[in-house]
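See structure below.
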Amino acid sequence: MKKILDSQRYSILTGDLEHCIICGRSNVNKHEIFFGTANRQLSKNYGLVIPLCEELHHNQYACKGIHFDKKLCEEWQKVGQRRFMEYYNKTEEDFRKIFGKSYL
């Protein structure tokens with residue numbers, strides 16, 4: 001599989017990577033739904049990237065947002081897995097083989 005660079009990220013969840021997928025604010029970080037060394041690259045390759053605003057939903061400095069909110073993180077992992085299976089016509093087992101586990 002071709003390695004997607006950060007500058008080439010795209011999303012199968014939204015056509016707008018310039019505004020937060022949750023609140024619509026601009027000034028976003030592009031977040032890979034499945035993280036860790038291998039899964040971050042897989043997320044980029046499969047378009048499992050969402051834009052999150054730096055103020056509320058991806059704020060590393062104030063410890064707010066998806067990296068500090070387990071419920072929010074798990075919610076987007078479920079959304080991402082469902083969209084992956086729909087978009088690529090894959091089963092839950094297919095997803096598990098690629099990403100190592102099911103989030104559903």
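Does Lys64 fit the bill of being open to solvent by 70 Å² or more (accessible area, probe 1.4 Å) and touching a residue at least 24 places away in the same chain (Cβ under 8 Å)? Answer is no for this residue. Of all residues in region 80-96, those that are within 18 Å of Leu13 (Cα to Cα) have Cβ atoms under 7 Å from Cβ atoms of residues that are of a type in the set (Val, Ile, Thr) and modelled with pLDDT of 95 or more, 6 or more apart or on another chain, in Gly80/Ile33; Arg83/Ile12; Met85/Thr91; Tyr87/Ile12. Just give me the residues in region 51-104 being over 17 Å from Lys30 (Cα atoms) and basic (Lys, Arg), in sequence order. Correct list: Lys70, Lys71, Lys78, Arg82, Arg83, Lys90, Arg96, Lys97, Lys101. Taking the conditions (1) under 23 Å from Lys3 (Cα atoms); (2) hydroxyl-bearing (Ser, Thr, Tyr); (3) crowded, with 17+ Cβ neighbours inside 10 Å in turn, Tyr103 satisfies each one other than (1).
Considered as a group, the residues in region 25-39 that are within 17 Å of Val79 (Cβ to Cβ) and not aliphatic (A, V, I, L, M) include one that is farthest from the chain's Cα centre (by Cα), and that residue is Asn39.
Taking (1) open to solvent by 90 Å² or more (accessible area, probe 1.4 Å); (2) under 14 Å from the mean Cα position of the chain (by Cα) in turn, Tyr87 satisfies each apart from (2).
The values are calculated or read from the model by the stated rules, or taken from the named source; none is laboratory data. Remember, predicted model here, so these are calculated numbers, not experimental data. Here Cβ is always computed from backbone atoms with ideal geometry, including for glycine, and neighbour counts include all displayed protein chains. For the accessible areas, the whole protein counts, side chains as well, though only heavy atoms, and no ligand, DNA or RNA atoms are used. Shrake-Rupley method; radii C 1.70, N 1.55, O 1.52, S 1.80 Å.
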